[in-house]
Amino acid sequence: MELRYLSSIFYQKYKNCKEIMSKGETRPYIIILVEVENNKFAIPIRTNLHKTKDCYETNPKTNSGIDYTKAVVISRDDYIDFTRYPEIEHKEYNYIKFKEREIKTAFSRFVVEYKKDFIRHKKNPNIPSNPRFQYCSLQYFIKELGIE
């Protein structure tokens, strides 16, 4: 797991995708890079996180954590900003590194559940999508997820 920022190239390409989180180039979200099912994902670390089963709390003091619902697929290397290095509290970084396997397992489960829900809804549009995925950023990466 690696901490980085998304690049301006990524934000330019996906500027019209309202569920992808952006605070502008001056204050980008720190992301964690994770590989799952032959895809590279960027998962943002957020503060003031609403605790759900689709996030992983990393710092209860600031209510920050990793938000699976706002993950994006990284299909090109230039979507990652390798010129800057994010800074987070040492304690939070160590916690993330210590829980790396648990975070990746939970996120993998999230991706599988998202794909199942998408396929179920695609086969039968009369069945509503799970509200849990209503604001999910993965909706912009159907092709990359292999479920188009």
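Summary of values
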{"read-out": "Three-way shape call for the stretch 39-114 based on the alpha-carbon gyration tensor, with the a/c threshold at 1.5", "value": "oblate"}
{"read-out": "Reciprocal mean inverse distance between Cα atoms of the stretch 1-88 - Kirkwood radius, Å", "value": "13.3"}
{"read-out": "Built amide H within the under 5 Å cut-off of residue 41, gap 5+", "value": "34, 35, 36, 74"}
{"read-out": "26 Å Cα-Cα threshold exceeded, pairs from 13/70; 13/61; 23/123; 61/115", "value": "13/61; 23/123; 61/115"}
{"read-out": "Spread of Cα-to-Cα distances over 10 Å intervals beginning at zero, given as percent, for the chain", "value": "11, 42, 36, 10, 1"}
{"read-out": "Chymotrypsin sites (Phe, Trp or Tyr not before Pro) restricted to DSSP loop in the stretch 86-148 with at most 11 other C-beta within 10 Å", "value": "135"}
{"read-out": "Highest-fluctuation residue, 104, 91, 70 considered, GNM on the chain with Cα pairs under 10 Å", "value": "91"}
{"read-out": "Selected from 92, 57, 37 as most flexible by GNM, with the chain as the system and alpha-carbon contacts under 10 Å", "value": "37"}
{"read-out": "Contour minus Cα-Cα distance for residue 18 and residue 83 (0.36 nm per residue)", "value": "20.8 nm"}
{"read-out": "Full-extension gain in nm, residue 127 to residue 52, via 0.36 nm per residue minus C-alpha separation", "value": "24.7 nm"}
{"read-out": "Percent RCO, i.e. relative contact order, over the stretch 72-148, from Cα pairs under 8 Å lying at least 6 residues apart", "value": "42"}
{"read-out": "Counted charge near residue 54, where neighbours are those whose Cβ lies closer than 11 Å (Asp, Glu -1; Lys, Arg +1)", "value": "+3"}
{"read-out": "Qualifying lysines (Cα of each under 18 Å from Cα of residue 122; at least 8 residues distant if same chain)", "value": "143"}
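Computed from the coordinates by the stated procedures, all read-outs in this text should not be read as laboratory data. All of these numbers come straight from a predicted model, not from anything done at the bench. Glycine also receives a Cβ, built like all others from the backbone with ideal geometry; neighbour counts cover every protein chain displayed.
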